[in-house]
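Worksheet: one structure, shown below.
The values are calculated or read from the model by the stated rules, or taken from the named source; none is laboratory data. Note that the structure is predicted; figures quoted are calculated from it, not measured. All Cβ positions, even for glycine, are placed from backbone atoms using ideal geometry, and neighbour counts span all protein chains on display.
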Amino acid sequence: MDGPLLAPAAANRRSGATQDGRGCLLLDGGLASELERAGHDLNDPLWSARVLLEDPAAVEGVHRAFLEAGADCITTATYQATFQGLAARGLTADEAERLLLRAVELAVRARDRFCAESARPHRPLVAASIGPYGAYLADGSEYRGDYGLGRAALAGFHRRRWEVLARSGADVLLCETLPALEEARALAALAREGAARA
């Protein structure tokens with residue numbers, strides 16, 4: 001990764017993903033939906049990250065299917081994979097870090113194998129997904145943003161996952177479903193901190 005965060009235009013130039021000159025980038029579809037369609041039960045606080053623990057080959061297979069369908073960018077199964085949520089499942093911090101890195105590795109491997117076997121003119125991107133604090137709560141607050149936490153607490157919650165994913169080999173970090181401005185500001189501050197260190 002060129003830094004902790006690439007702007008979409010920079011990511012497009014890096015991958016050559018936009019061929020039409022309009023900046024259009026086709027993101028993959030619902031990773032979780034496809035895992036459920038394949039028979040995985042995602043009724044779990046870890047959501048699709050549960051499958052990272054139980055059947056990582058299935059995650060890689062869904063990445064591959066989205067690439068075959070024409071996706072220019074695939075998203076890792078890390079939306080709900082937080083250090084705090086994985087600790088509640090019994091993983092140590094080191095095990096949680098390895099799982100985050102494994103999620104990126106699965107997406108990168110699916111992309112690289114796809115590129116080696118296809119005649120596609122550009123290299124698709126891998127986006128490391130960072131879901132909101134509410135995704136960790138798994139109570140629907142990821143849509144409301146009514147956590148009662150300030151910017152410093154939210155930055156503290158996200159910091160270690162951000163740092164791991166920023167050095168993971170993903171092309172971009174994708175902050176998804178942020179329902180509160182304070183959380184977006186916290187993540188933007190983490191991006192600026194990482195850029196200043198790069």
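Side notes on the structure shown:
- Check on Leu187, part of a helix (DSSP H, G or I) and touching a strand residue (DSSP E or B) at 6+ places or on another chain (Cβ under 6 Å): yes
- So Ala153, is it farther than 27 Å from Leu106 by Cα and either touching a residue at least 24 places away in the same chain (Cβ under 8 Å) or acidic (Asp, Glu) (or both): no
- Checked against the criterion of being closer than 16 Å to Thr76 by Cβ and either among the hydroxyl-bearing types (Ser, Thr, Tyr) or at pLDDT below 95 (or both), segment 145-156 contains not a single residue that satisfies it.
- Condition met for Ala107 (touching a residue at least 60 places away in the same chain (Cβ under 8 Å), assigned to a helix (DSSP H, G or I), closer than 13 Å to Asp72 by Cα and not β-branched (Val, Ile, Thr)): yes
- Which listed residue, of Tyr147, Tyr143, Tyr136, is over 16 Å from Thr82 (Cβ atoms) and of a type in the set (Phe, Trp, Tyr): Tyr143
- Residue, surrounded by the fewest Cβ atoms within 10 Å (Cβ to Cβ), within segment 133-142, restricted to residues that are of a type outside the set (Ser, Thr, Tyr), in a helix (DSSP H, G or I) and touching a residue at least 24 places away in the same chain (Cβ under 8 Å): Gly134
- Among residues of segment 143-175 being aliphatic (A, V, I, L, M) and over 14 Å from the mean Cα position of the chain (by Cα), the one that is surrounded by the most Cβ atoms within 10 Å (Cβ to Cβ) is Leu154.
- Scope segment 143-184; condition of a type in the set (A, V, I, L, M) and part of a helix (DSSP H, G or I); matching residues: Ala152, Ala153, Leu154, Ala155, Val164, Leu165, Ala166, Leu181, Ala184
- The set of residues in segment 111-123 being in a helix (DSSP H, G or I), more than 15 Å from the chain's Cα centre (by Cα) and touching a residue at least 12 places away in the same chain (Cβ under 8 Å) consists of Arg113, Phe114.
- Contacts under 6 angstrom Cβ, first residue in segment 172-193 being more than 12 Å from Tyr79 (Cβ to Cβ), partner of a type in the set (Phe, Trp, Tyr) and surrounded by fewer than 16 Cβ atoms within 10 Å (Cβ to Cβ), 6 or more apart: Pro179/Tyr143
- Of the set (1) in a helix (DSSP H, G or I); (2) touching a residue at least 40 places away in the same chain (Cβ under 8 Å), all apply to Ser129 but (1).
- Segment 70-104: number of residues that are of a type in the set (Gly, Ala, Ser) and in a helix (DSSP H, G or I): 6
- The residue that is surrounded by the most Cβ atoms within 10 Å (Cβ to Cβ), counting only those in segment 89-104 that are of a type in the set (Asp, Glu) and without any contact (Cβ under 8 Å) to a residue 60 or more places away in the chain, is Glu95.
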